Amino acid sequence: MIRSTVVLALAATLLSACGQGAGTQEAASPAALEPAGAPVTVEVDDAAWLQAAASVVELVALPDLNAKVFGTAAGDPAVNGLYTYIAFFGGAAEGWRVYRLGDFEDFEVLASAPGRIDLEINESAVDSESGGIAASTRRIIVGWTPGEDGAPPQTISVTPAA
């Protein structure tokens, strides 16, 4: 019972982030609430899949495409620390089919349509001469052929855009 409450709370947090588009949601100030009963002790659940879910720091839900673009905190935060993915929901039996798009600083979904998402990518790289970090922005087109009856695509393509 307690674990399911924690899972539901995590799911609610991720869903509320979906509604915002991209980014994370700040927690409401607890000072606004007054206790109305005895506290319940909640146990730690450090299952590997929950650790992965908690690593999601940016999320854009695309319900019309049965997809989402998300990023996990990983790597060096000063140089492309956002591992970025696109995932397509294949139903309860299959779950999500996930494709890694790359390692970026940040992304923005510019447009989406069946079989296509246009992204703006912010990246950084270490300048070999100065040792400093250089930032750049580029755009990519993520394309795919939708599967039959809404099934996830078998492959995707990433094409540079003007």
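Quick look at the numbers
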| quantity | calculated |
| --- | --- |
| Whole-number accessible area per residue in Å² for the stretch 80-162, which is evaluated in the context of all protein chains at 1.4 Å | 57 Å² |
| Efficiency of FRET from Cβ geometry, residue 76 and residue 162, R₀ 25 Å, rounded to 0.05 | 0.25 |
| GluC sites (Glu not before Pro) within the stretch 97-154: DSSP coil, no more than 10 neighbouring Cβ in 10 Å | 129 |
| Accessible area (Å², 1.4 Å probe, nearest 10) - residue 76 | 80 Å² |
| Rg followed by Dmax, in Å, when the stretch 65-115 is reduced to its Cα trace | 12.5, 38 |
| Calculated from backbone phi, Karplus (6.51, -1.76, 1.60) coupling profile of the stretch 37-47 in Hz, x at Gly/Pro | x, 6, x, 10, 7, 10, 8, 6, 10, 9, 4 |
| Theoretical gain in end-to-end length, residue 53 to residue 145 [0.36 nm per residue, Cα-Cα removed] | 30.4 nm |
| Computed label-point distance, nm, for sites residue 108 and residue 42 using a 7 Å Cα→Cβ extension | 3.4 nm |
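The values are calculated or read from the model by the stated rules, or taken from the named source; none is laboratory data. Please read these numbers as outputs of a predicted model, since none were measured by experiment. Here Cβ is always computed from backbone atoms with ideal geometry, including for glycine, and neighbour counts include all displayed protein chains. What goes into the accessible areas is simple: the full protein's heavy atoms, side chains included, and nothing from ligands, DNA or RNA. Shrake-Rupley method; radii C 1.70, N 1.55, O 1.52, S 1.80 Å.
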